1. If you take the beta carbon distance between R343 and E231 as r and set R0 to 51 Å, what does 1/(1 + (r/R0)^6) give as a FRET efficiency, to the nearest 0.05?
2. Round to the nearest 10 and give me the degree value, 0 to 90, for the angle of helix 336-352's Cα axis relative to the longest principal axis of the chain.
3. What relative contact order, as a whole-number percentage, does the chain give when Cα pairs under 8 Å and 6 or more residues apart are counted?
4. At 1.4 Å probe size, with no ligands or nucleic acids counted, give the accessible surface of D294 in Å², nearest ten.
5. As a test of reading the structure, rank M1, M316 by solvent-accessible area (1.4 Å probe, protein chains only), most first.
6. Along the positive direction of the dipole of the chain (beta-carbon charges: Lys, Arg +1; Asp, Glu -1; about the Cα centre), which of T113, F436, I226 reaches farthest?
7. In the chain, if the dipole is taken from +1 on Lys/Arg beta carbons and -1 on Asp/Glu beta carbons about the Cα centre, which of A155, W464, Y534 is farthest to the positive end?
8. Cα axis of helix 3-12 to longest principal axis of the chain: angle in degrees, 0 to 90, nearest 10?
Amino acid sequence: MDADKAEFLKEFGSDYGYPNGPKSIDEIRATEFNRLDQKGIVYLDHAGATLYSELQMEEIFKDFNSNIYANPHSQSDSSSATSDIIREVRQQVLDYCNASAKEYRCIFTSGATAALKLVGEAFPWSRESCFMYTMENHNSVLGIREYALSKGAAAFAVDVEDNVNGGGASGGQEERVKLSPHATQRRNEAKILEEEPSGNAYNLFAFPSECNFSGLRFSLDLANLIKENSERILEGSPFGKYVRGHWIVLLDAAKGCTTCPPDLSKYAVDFVVISFYKLFGYPTGLGALVVQNDAARLMKKTYFSGGTVAASFADMDFVRRREGIEEHFEDGTISFLSIASIRHGFKILNSLTPSMMSRHIAALTMYVKKMLLGLRHENEANVCIIYEGHTSKLVCHESGSIVSFNLKRPDGSWFGYSEVEKLASLSGIQLRTGCFCNPGACAKYLGLSHLDLLSNLEAGHVCWDDNDIIQGKLTGAVRVSFGYMSTYEDAKKFIDFITSSFVSKPNKSENWNMLRTKSILLSNEGHERKAGYYLKSITVYPIKSCTGFSVESWPLSSTGLQHDREWLLKSLTGEILTQKKVPDMCSVSAYIDLNKGIMFVESPRCREKMEINLKADSYPGGIEEIELHAQSRYEVQYYENDVDLWFSHAVGHPCSLLRCCSSKNYSSLKKDKSRNLCRDVESRLNFANEAQFLLISEESVSDLNNRLSLNAQKGTRGTSVKINPMRFRPNLVVYGGEPYAEDGWLNIKIGNKNFMSLGGCNRCQMINLVHQAGLVQRSNEPLATLASYRRVKGKILFGILLRYEIQDKKGMQTGSWLRVGEEIHPNSE
């Protein structure tokens, strides 16, 4: 055992690893989660979905293979046996929440979101009702607001805080807790009742057992306080009139139920929402709503279906609904196979117990928080900020399984969460970034105002995108979360990754963000060449993301190399196809014969070549406009059905071939000052992502290969791989000079043609696709090695982007050509 783990066990050993459980954590990992170690994956997104146990799945399949399960709405023996299993599982769910079957019922739904939607749809809203919810709530809870507002009810968010002026140490809980409301939301203002509320309306209060952004665990005492003392804790607020109605409490336990199930014998919760894949990984698509009987009788359901009615007439307005609560709300045939599989998940929870799992997970969470907060850059600046709630036991319990954070550079600026996620993935670490569908907590912890959020939206930022920093402000965070099978080794590898990738140390390069890097010389590859830079190869890629062809010379046009990325493939749903989504596109190769005016396309899947005439009027497919890259609109030509069928077969994906006829940009050259990088939106482009040309230096590729070889010798990055320049899909490969000299080129002249450098090319996972023997394999290289020395402001740069500078448009029309062997004259900074 190494010293670091010994130190960890000294502090956390009494809770970590199930010391009094049926299995140790090492046994659990070796026998039930062997796939993690086999694939070298550190999985840290258990708040999103925890992992199923291999033993759990074996038991499920054994169960399915040895028993007959049938539709519980039938009357056969198999159906009756299935109904018995469903009743057994309902009781297991109630037992897990310590809920009496006399007071509560378990309604199965298609997931936690469906359970929340059911509450919103069926709740008895009125114009006197109020929907009150904590800021820390998932979007699926916030969606209930639409039902409330549409019925004329009011809605508002609250912050749960300590009441610093109330009660003192001897005061009651209701005197020491305060709800601080945000602005009220209401529709149809003219219809608001002016008279005093009758006090007969039903109000809904919703809060999570654990915030999925910060890991804050709310005390379930809130339920009792709202039920018994709502007037006092809302006293003095402009919303006091709403407290005169009857309060119903909804607990979103989808995240917190794993290690801290609610004790419904102690807390007056009316609705509890549960997600089973967050509990034990499988099944997905199944959730539950645990509902108190009196609250269930208040719910007003409109739709009826098979299984929910005692009788109905087809030709007149008559229906008699079933009286059982579960039968009343479970539309159609419930997912009885998924429900049967839940039993095997509960075996795991019952054997380890939520208490032991909670202590085990808390040990890892506290360790990671401690290590992150202890990180310092070489200038002693803090590296990490962690988003945590307050620690008042009246408001919340200890934090759960989540560590949500952001990272700072030595100068105090932020590392974007997209950069963290990309590098983590290259290191085999799976985590989550963004706002995690919790906009209230995200805005609260990041300090984002309504104006900030609207500005971000106008700037194009939406959920799940990579816009992590806008005008210097973060738009989200990084989240790691642990499960019952997580280990110290998982946590340690994560901390080591953060330290090596984001902490500035004295032994690192003095210039943290400089791209110029001293080359590694391991061999004398190549032959002696004359001094200077020369063009070694020219490659044209007619169809975006398909294989191109190399030539000795090729004409230039206003879009770059003539016909380069002039075509693309679009799915039937409108998605642009690329190798990242459809790897088989690499097997489709295109070649253009300028003399014949034909593009020839081949695929191993197709017996015959496809011939595309370059004359624009050769096909009657039609013209229309499409938008790409959020900056440009393209006028495109469609082809006939036989062409689309050929390409659909070639890539194994239904698609259409489109040709660029013209493009229109919305803005001029745009420079992102926060990243000091340019994107060419000034010149005319075909379907290129960023610029007309990508230039790669042969010496830079050689240096990368030397680094890959050295890493393989050290055993740090697997077996040695040799990268061909074509892996980067360059248009131009040059040779001569030092590695990475191209980083400093402002503009270059190739022969008598002028080109402007637009900066480095940001690399993505596409360069990790390996095409061998007709198969496409994914690896971490060379992107992982590039990330270790070619990172700048969240980008991993290799090669430079160029724009053709047209000096004489009339002269250009007569035909300017690039030729292999031409000398290159760079103008460096």
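1. Values: r = 44 Å, r/R0 = 0.87.
Efficiency for this residue pair is about 0.70.
2. Roughly 80 degrees, rounded to the nearest 10.
3. On the way: 1597 pairs, mean separation 92.8, N = 829.
Computed over the chain, the figure is 11 percent.
4. 90 Å²
5. Values: M1 165, M316 110 Å².
Output order, biggest surface exposure first: M1, M316.
6. F436
7. Comparing the listed Cα positions along the dipole, Y534 ranks first.
8. Roughly 20 degrees between the two axes.
The values are calculated or read from the model by the stated rules, or taken from the named source; none is laboratory data. All values reported here derive from a predicted model rather than from experimental measurement. Heads up, the Cβs are rebuilt from the backbone with ideal geometry, glycines too, and the neighbour counts pull from every protein chain shown. Surface accessibility is based on the protein's heavy atoms, side chains included, excluding ligands, DNA and RNA. Shrake-Rupley method; radii C 1.70, N 1.55, O 1.52, S 1.80 Å.
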